[in-house]
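All remarks here apply to the structure that follows.
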Amino acid sequence: MPLSPVRRRVHRGSLVAALISVLTLTAAPGPAGAVPAAVAPSTAPSHNPYTGPDGTATMHGDTASSDTTPLAGPGAGSLASTRVALASACPTVLVGSDGHPVVLCTPIFGQVPTVHLLDPADGSSLASLKLTKGSLLGGVYAYLDHQDRLVVADGSRNLLRVGHRRDASGTWRLSIDQSLSLSAVLPEGDAVTGLSPDWQGRVWFATGGGVVGVADDRTGRVTSLRLPAGERVANSISTAPEGTAVTSTHATYLLTADADGTPRVAWRQAYDRGQARRPGTLSWGSGSTPTFLGPATGTDYVAIVDNADATVRLKVYRTTTGAEVCSVPVLKAADGPASENSPVGAGSSVFVAGTYGYPYPALPEGAGDSVPASADFAGGLTRVDIRPDGTGCAVVWDNTLRSAAVPKLSTATGTLHTVVRDPLVPGTRGTGPLDPFRYVEIDPATGRVTRSEQVGVGFLYDTLQMAGTVSPDGAYLQGTTTGVLRITAG
């Protein structure tokens with residue numbers, strides 16, 4: 001999951017060239033006689049009419065958090081990368097129907113969340129707007145509505161809609177078009193972690209303190225419920241026609257709303273949260289924003305990754321009932337039992353990226369100590385397919401690729417896109433300030449890298465497990481600790 005830092009260790013020293021190791025892929029057997037296949041593009045979740053374009057409207061592509069995109073990405077041929085320097089960590093990179101990227105960043109100095117409107121041609125900042133500072137994870141998650149406005153909760157417990165337009169002189173401006181206070185249901189000191197609209201245009205939100213609410217900024221009505229004592233929400237939430245999926249530090253929920261908009265629990269499924277937080281994760285519990293996926297409607301199932309001690313498991317539930325479809329060990333090839341990232345889901349296929357040992361420069365308040373205290377970054381990427389009859393799942397392949405970002409799957413080309421963090425010393429699993437970062441494209445049928453381009457070395461290029469976005473012009477936009485990378489066809 002992406003991180004908006006409030007404290008940062010800046011690694012100093014010259015950036016040096018580094019050798020890039022060739023990662024050995026360990027194939028795991030799938031079902032007997034099965035032939036791995038690319039994911040069909042016709043099983044995407046239905047479009048939420050209250051968001052911008054699918055693939056670019058939310059950090060995870062859509063309100064289902066599928067981490068898929070209908071856009072192709074960089075074209076054929078050589079690749080080129082440029083860095084848009086914003087002196088900020090930029091976890092949220094979205095693109096509206098007008099083609100303008102809208103980026104939510106946290107500056108290294110001051111740590112005041114700032115919205116940037118970028119030039120589609122070169123990524124330069126056309127306008128910026130500072131928001132009220134809140135918690136470490138508060139404000140990280142946002143989305144673009146159907147009018148290309150950024151919907152976000154600020155540190156003053158207000159739900160904002162931030163629009164962009166040219167003024168009379170032709171200069172681009174960002175402005176707060178709408179504001180609704182959530183303070184009636186949010187206690188002082190609590191903050192919104194994730195938010196997403198439902199199919200009636202209401203905005204669902206969840207807080208670090210375990211409040212799940214529904215806000216209608218057209219009427220001003222805000223309702224809520226509180227999860228059981230001790231349960232926190234440390235990641236974003238997902239919405240589908242069937243309801244809203246929320247994964248707390250103890251369980252996954254599907255919630256629906258009564259006629260008056262009051263949220264209620266349709267089902268709850270507890271998972272194994274292990275004995276403590278793991279190195280490379282930001283909370284004690286699942287690191288997943290829940291993912292809707294499925295072969296029929298695109299939202300037949302809900303998937304998360306648990307935090308079990310020995311080996312983490314992919315958990316898949318039926319959306320309608322919450323019945324468990326499967327519980328499958330993942331990330332075994334890399335021996336990295338942790339994932340802070342939302343699974344990628346398309347059709348009957350799920351892709352899980354490991355984050356065990358990733359060196360985050362800051363942790364949310366109350367994250368607690370990890371067990372063990374530290375570890376090398378293990379990485380790992382696993383594909384799991386749900387059986388056609390929905391009676392279980394099987395691992396298709398499992399490898400040691402060290403993804404340093406949330407992967408995105410293009411259903412247009414059948415390609416996984418991400419940025420990997422290679423070890424400075426080939427053949428090791430160490431993590432250091434001079435590690436090289438490399439954009440890669442992966443064949444989802446085999447898990448093998450088909451194309452790559454080194455983007456940089458060290459702190460300036462650290463993608464910090466943040467999500468990338470494919471823009472309509474084919475550029476791959478990836479947030480880093482210091483700005484945004486643009487990977488294009490050279």
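The values are calculated or read from the model by the stated rules, or taken from the named source; none is laboratory data. Owing to the predicted nature of the structure, the values given are computational and were not obtained by experimental measurement. Here Cβ is always computed from backbone atoms with ideal geometry, including for glycine, and neighbour counts include all displayed protein chains. Calculation scope for accessible area: heavy atoms of the full protein, side chains included, ligands and nucleic acids excluded. Shrake-Rupley method; radii C 1.70, N 1.55, O 1.52, S 1.80 Å.
Could you list, in sequence order, all residues of region 45-72 that are among the small types (G, A, S), modelled with pLDDT of 95 or more and open to solvent by 10 Å² or more (accessible area, probe 1.4 Å)? Steps first, answer last, please.
The initial filter retains those residues of region 45-72 that are among the small types (G, A, S), namely 46, 52, 55, 57, 61, 64-66, 72.
Keeping just the survivors that are modelled with pLDDT of 95 or more gives 52, 55, 57, 61, 64-66, 72.
A72, the sole residue that qualifies.
Taking region 238-280 only, how many residues are under 15 Å from R313 (Cβ atoms) and part of a loop (DSSP other than H, G, I, E, B)? Give the derivation first.
Initial filter on region 238-280 (under 15 Å from R313 (Cβ atoms)): 247, 251-252, 269-274, 278.
Then drop every residue that is not part of a loop (DSSP other than H, G, I, E, B), which leaves 271-274, 278.
Of the residues in that region, 5 qualify.
For region 210-220, what are the residues that are at pLDDT below 95 and surrounded by 14 or more Cβ atoms within 10 Å (Cβ to Cβ)?
Residue satisfying the conditions is D217 alone.
Give the residues of region 132-166 that are modelled with pLDDT under 95 and over 23 Å from the mean Cα position of the chain (by Cα), sorted by residue number.
Selection gives S156 alone.
Suppose we filter R161, R173 for residues that are assigned to a strand (DSSP E or B) and open to solvent by 40 Å² or more (accessible area, probe 1.4 Å); which single one remains? I'd like the intermediate steps shown before the answer.
Details: R161 fails: open to solvent by 40 Å² or more (accessible area, probe 1.4 Å).
The unique qualifying residue is R173.
Here is a check on your reading of the model: is T252 touching a Lys or Arg at 6+ places or on another chain (Cβ under 8 Å), within 18 Å of P45 (Cβ to Cβ) and without any contact (Cβ under 8 Å) to a residue 40 or more places away in the chain? Reasoning before the result, please.
Working: touching a Lys or Arg at 6+ places or on another chain (Cβ under 8 Å): yes; within 18 Å of P45 (Cβ to Cβ): yes; without any contact (Cβ under 8 Å) to a residue 40 or more places away in the chain: no.
Judged against the criteria, T252 is not a match.
Are there any strands (runs of 3 or more DSSP E) wholly within region 406-461 with 3 or more residues that are under 22 Å from the mean Cα position of the chain (by Cα), of a type outside the set (F, W, Y) and crowded, with 20+ Cβ neighbours inside 10 Å, and if so which? Reasoning before the result, please.
Values: elements: 408-410, 415-421, 436-442, 449-457.
Passing ranges, in order: 408-410, 415-421, 436-442.
With respect to L129, is the statement that it is at pLDDT below 95 and either in contact with a strand residue (DSSP E or B) (Cβ under 6 Å, 6 or more places away or on another chain) or farther than 22 Å from K408 by Cβ (or both) true? Step through it out loud before you land on a result.
Working: at pLDDT below 95: no; either in contact with a strand residue (DSSP E or B) (Cβ under 6 Å, 6 or more places away or on another chain) or farther than 22 Å from K408 by Cβ (or both): yes.
It is false that L129 is at pLDDT below 95 and either in contact with a strand residue (DSSP E or B) (Cβ under 6 Å, 6 or more places away or on another chain) or farther than 22 Å from K408 by Cβ (or both).
Within region 77-84, identify whether any single residue is out of contact with any helix residue (DSSP H, G or I) (no Cβ under 8 Å at 6 or more places or on another chain) and surrounded by 24 or more Cβ atoms within 10 Å (Cβ to Cβ), and answer yes or no. Write out each step before concluding.
Of the residues in region 77-84, the ones out of contact with any helix residue (DSSP H, G or I) (no Cβ under 8 Å at 6 or more places or on another chain) are 77-82, 84.
Those still in the list that are surrounded by 24 or more Cβ atoms within 10 Å (Cβ to Cβ) too: none.
No, region 77-84 contains no residue that is out of contact with any helix residue (DSSP H, G or I) (no Cβ under 8 Å at 6 or more places or on another chain) and surrounded by 24 or more Cβ atoms within 10 Å (Cβ to Cβ).
Would you confirm whether or not region 418-431 contains a residue that is more than 22 Å from T480 (Cα to Cα) and in contact with a strand residue (DSSP E or B) (Cβ under 9 Å, 6 or more places away or on another chain)?
We begin by selecting, within region 418-431, every residue more than 22 Å from T480 (Cα to Cα); these are 425-428.
Now narrow it down to the ones that are in contact with a strand residue (DSSP E or B) (Cβ under 9 Å, 6 or more places away or on another chain): none.
For region 418-431, residues more than 22 Å from T480 (Cα to Cα) and in contact with a strand residue (DSSP E or B) (Cβ under 9 Å, 6 or more places away or on another chain): absent.
When both residues are 6+ apart or on different chains and their Cβ atoms are under 6 Å apart, which pairs have a first residue that lies in region 298-325 and is over 24 Å from S370 (Cβ atoms), and a second that is acidic (D, E) and in a strand (DSSP E or B)?
Once the first residue is over 24 Å from S370 (Cβ atoms) and sits in region 298-325, its partners that are acidic (D, E) and in a strand (DSSP E or B) give Y317/E324.
Testing S156 on (1) open to solvent by less than 40 Å² (accessible area, probe 1.4 Å); (2) part of a loop (DSSP other than H, G, I, E, B); (3) in contact (Cβ under 8 Å) with a residue 24 or more places away in the chain, one condition comes back false. Which one is that?
(1)
Going by the conditions given, is V484 of a type in the set (A, V, I, L, M) and closer than 24 Å to V103 by Cβ? Please lay out each step first, then the result.
Values: of a type in the set (A, V, I, L, M): yes; closer than 24 Å to V103 by Cβ: yes.
Yes.
Which condition breaks for S196 when tested against (1) in contact (Cβ under 8 Å) with a residue 60 or more places away in the chain; (2) part of a loop (DSSP other than H, G, I, E, B)?
Here S196 meets the rest and fails (2).
Among the residues of region 221-256, which ones are over 24 Å from G61 (Cβ atoms) and either aromatic (F, W, Y) or open to solvent by 40 Å² or more (accessible area, probe 1.4 Å) (or both)? Full working, then the answer.
Of all residues in region 221-256, those over 24 Å from G61 (Cβ atoms) come to 221-232, 249-251.
Passing the criteria: R221, S224, R226, P228, A229, G230, R232, H250.
Listed here are the residues, each with its yes/no results for (1) open to solvent by 10 Å² or more (accessible area, probe 1.4 Å); (2) part of a strand (DSSP E or B); (3) modelled with pLDDT of 95 or more; (4) within 15 Å of S66 (Cα to Cα).
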position	(1), (2), (3), (4)
V302	no, yes, yes, yes
V316	no, yes, yes, yes
V325	yes, yes, yes, no
G336	no, no, no, no
G345	no, yes, yes, yes
Y358	no, no, yes, no
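In this structure, is S128 assigned to a loop (DSSP other than H, G, I, E, B), out of contact with any Phe, Trp or Tyr (no Cβ under 6 Å at 6 or more places or on another chain) and open to solvent by 40 Å² or more (accessible area, probe 1.4 Å)?
Working: assigned to a loop (DSSP other than H, G, I, E, B): no; out of contact with any Phe, Trp or Tyr (no Cβ under 6 Å at 6 or more places or on another chain): yes; open to solvent by 40 Å² or more (accessible area, probe 1.4 Å): yes.
Criteria not met by S128.
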